[in-house]
Amino acid sequence: MRIDKSSLTRNGRRMTDTATNAHLDDEDSELKRSITGRLLFFYTLGDVLGSGIYVLIGLVAAAVGGAFWIAFALGVTVAAITGSAYAELVTKYPRAAGASLYVNKAFGNRPLTFLVTVSFLAASMAASGSLAVGFASYFSEVWSAPPALLVSLVFVALLVVVNFIGITESVWMNMLMTFVEVAGLLIVMLIGIIHVAQGDADFGVLTRIDVSGDYGSPALAVLAGISFSFFAMTGFENTANVAEETIDPYKAFPRSLVGGMVVAGLVYVLVSMAAALTVPTETLATSDAALLEVVKQGILPFSTDFMATLFSVIALIAITNTTLVTIVTQPRVLYGMAREDVVPGVFAKIHPVRRSPWVGLIFSGAVVGSLLVIGTLVTEAGGGIDLVGRLATVTVVLLLAIYAIVIVACLRLRGRDEDHPFFRANTPLLFLGLVGNLAILYFTIYDDPTSLLWCAGLLGVGLVLFLAEYFFGSKGTGSKAPDLDDVKGV
Amino acid sequence: MHVIVATDGSRQSLAAAKHLKSFADPTKVTAVSVVAVVRPLASVAFADDLSEGRLDGTFRDAAQSAVDTIAAVFEGWGPKVNKRIRSGSAANEIIKAAKQYDAGLVVVAAGGRGLSDSVLVGSTAQRVQHYAPCPVLVVRPAPRKRK
C-alpha cells in the first residue's frame, strides 16, 4: 500500500479522514454484505441437489437394489456432519478460501496446503466433467442428433463464456434455477405418491438389498451404494466461496449449510423411494438418465413424451446450475494460487472490461474438455468404463480425502481464534463423520483402484503448473507492487 | 455536489479518479465517495491491481486496499473523502449508491477498447450510464501509442 507522505502533514484533513474511517468500519463492513441466510440456503441446496441425483441414481440402484434409499440417507448424513465442520471453520474464518485456508491454519505446512488446494481443483474439474457427460445424456432425450462428446464439450465451452461475461453472478438466476431443480424432484415425488395412492406400490422393494451382484454382503452393497451416491452429496464445500459476503455468518452458516444438507437428504431419500417404487430396479440400473424412467411410467395424466421432454429440460437446468458453481470455483482457486506465486502469474490476469480471470477460465475449460475427450477415447477403445461414474468417483475420492482433512483441521483448531462468536460442531459427531469419510474413501479406492490413476493425472496438472512457476516464473508476478506512476489522469 | 468515484481495482479506475481531479473544481465538490463493489458469486469477487499484497482469501481486503489507493488521490484536495465497500452486482450497487448519497456525478472507467467492449454488451460502465440518476463521467483509456 502506498501512502502519500505529503498528506500526513495536513492535520486537519487527516482528522476528517480518520473520522470517516471509523464511521466506515461501523457502517460498511458489517451492513453492506449481500448474501442473506435464505440465499445461502438456496445456494447450498442448488449446489448439492444438482450434482448427482439426476446423473447417478442408476448406478446406485444397480449396486444396492431396491433399498438404495439407505445409501442416500447414510451418505448425506456423513456429508452433513462434514458440513457442520465447514460451518464451524467458516464462522471462525469467514473468508472465501475454503479447505486450503483451514488446512493452512491448522497445520501450517505449505506442501500439504498445496496438495489440498490442487486436490480441490482437481475434484472440481472432475466434477464438471462428470456433470457435462450427465448433461449430454439428458440432452440426447431432447435432441439425439449431435454426438454426446460434442454436446458436453459445447456445454463446457458455453459455461466458460457465460462465466466470463458474468451472468453467473446473478443471485436471482441462481435462486430461480434452484427452484426449477427442486420442482423436478417434486415431480418425481408426486409420481411416487400417486403410485402409492393407487395401491400399485410394492413396499417390499424398499427393503430389498441385492446381494447377488459384485458385493456379496448387504453391508458391502450399501457401502458401495454410498460410495456411488456420494457425488450427489458434494458441492456444499463451495458455499465457503460466499463466506465473506454473508450477513451474520455466525447464524446464517450453520442454519443454511447444515439445513440445506438435511433438506437435500430428505429430498434424496424420498426421490429414491419414489423411483424404487415406480420403476423396476433393473430398468433404473441400466438407464443413462434414470430419473427419466420414473416420468416415463405414465403415472401422471399427461402425455409421456411431453413429460419426458419437460423433465429432461428440468434436469438440464439442474445440472447446469451445479456445473456453473464448479466452473466459477476453478479460476478462483487458480487466481489465489497465482497471487501466492505457487502457479504461474498468468492465472492472476484479470480481463480489463469483464474483471474475470480469463486465463484461469480458459485453462479450466480446456482441462475439463480434455478429460471428456480422453474419457470418450478410452471408452471407445474398449476401456469398459462409464465416464459419468468414473469422473464422479475421481471427484469423490479427492473430496473425501479433503473432507477428512478438514474435519481433522476443525478439531485441531479448537481453542484457537475463538475470540469472536462461532458455531461449534458436535465433537462426537465429527469423529463419526471422520470415520465415515475414511470408510467410504477406503471402499471407493478398493472398489475402483484405477480411479487413482485419474486422480494422479489431474493432480499432475497442478504439479506441472507448480514446476512451471518454480523454474520459469518470475518471483512476485502475483503480488508485486504495481508501478502506478504511468497511470495518467488525462 | 457529491461525487461518486467507482473502482473495480483496475488501473483504469485510478486513471478515472485522476482525471476527475485534473479538471474538477474542489470548491464545488462537497464530498467524494470512493465506492468498490465486491461480487460474491463471481470467480474473483474483487481483483485489486492497484496494490501489493497476497490474496489471503479475503476479497474484502482487496477491495479495501483498492479503495484506499483511490482515496489517496483525493487526499488534501479539499472535499471530504468517504470510502465505501458494497456487495452485489457492480452496476446495481453503484447506481444504488448514487441514489442513496444523492450524487451529482458518478465517475466510472470504461474497461478497454476494441472487440470485447463492443461485442459483449452490458458492461458495468454501460449499465451505469443508462440507469444512473445523475450525470456520468466515463473515462476511456487513452489510445495506445505506437512505438
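Derivation of every value follows stated rules applied to the coordinates shown; laboratory data play no part. Keep in mind the model is a prediction, meaning the values are calculated, not measured. Cβ atoms come from the backbone with ideal geometry, glycine included; neighbour counts cover every protein chain shown.
Values computed for the structure shown
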{"item": "Crossing angle, helix A:69-92 versus chain A [Cα axis fit, 0-90 degrees, rounded to tens]", "result": "10"}
{"item": "Estimated vicinal HN-Hα couplings, Hz - the stretch A:349-357 in sequence order (Karplus 6.51, -1.76, 1.60; Gly, Pro = x)", "result": "5, 10, 5, x, 8, 8, 6, 10, x"}
{"item": "Chain lengthening between A:VAL464 and A:ILE194 when straightened (0.36 nm per residue, less Cα-Cα)", "result": "91.7 nm"}
{"item": "Tilt relative to chain A, helix A:11-31 - C-alpha long axis, 0 to 90 degrees, to 10", "result": "10"}
{"item": "Rounded D (µm²/s) - the stretch A:34-471, Kirkwood Rh over Cα pairs, Stokes-Einstein at 10 °C, 1.306 mPa s", "result": "73"}
{"item": "Angle in degrees between helix A:259-278 and the longest Cα principal axis of chain A, rounded to the nearest 10", "result": "20"}
{"item": "Peptide-level mean, for B:74-84, of C-beta atoms on other protein chains within 10 Å", "result": "5"}
{"item": "Separation of alpha-carbon centers, the stretch A:410-451 and the stretch A:35-95, rounded to whole Å", "result": "15"}
{"item": "Residue order, fewest to most beta carbons within 10 Å, for A:ASP200, A:ASP386", "result": "A:ASP200, A:ASP386"}
{"item": "Mean Cβ neighbour count within 10 Å, used as a protection proxy, ranking A:70-83, B:85-98 highest first", "result": "A:70-83, B:85-98"}
{"item": "Set A:LYS32/B:LYS96; B:LYS21/B:LYS83; A:LYS92/A:LYS349; A:LYS32/A:LYS92; A:LYS32/B:LYS99 screened for pairs whose C-alpha atoms are more than 22 Å apart", "result": "A:LYS92/A:LYS349"}
{"item": "Distance (nanometres) between label positions extended 7 Å along Cα→Cβ at A:SER170 and B:ASN92", "result": "1.0"}
{"item": "Within 10 Å of each Cβ in A:337-347, the average number of Cβ atoms from other chains", "result": "1"}
{"item": "Positive-end extreme of charge dipole, the protein assembly as shown - chosen from A:VAL160, B:VAL139, A:PRO147 (charges on Cβ)", "result": "B:VAL139"}
{"item": "Positive-end residue of A:LEU391, A:ALA285, A:MET337, charge dipole of chain A with Cβ unit charges", "result": "A:MET337"}
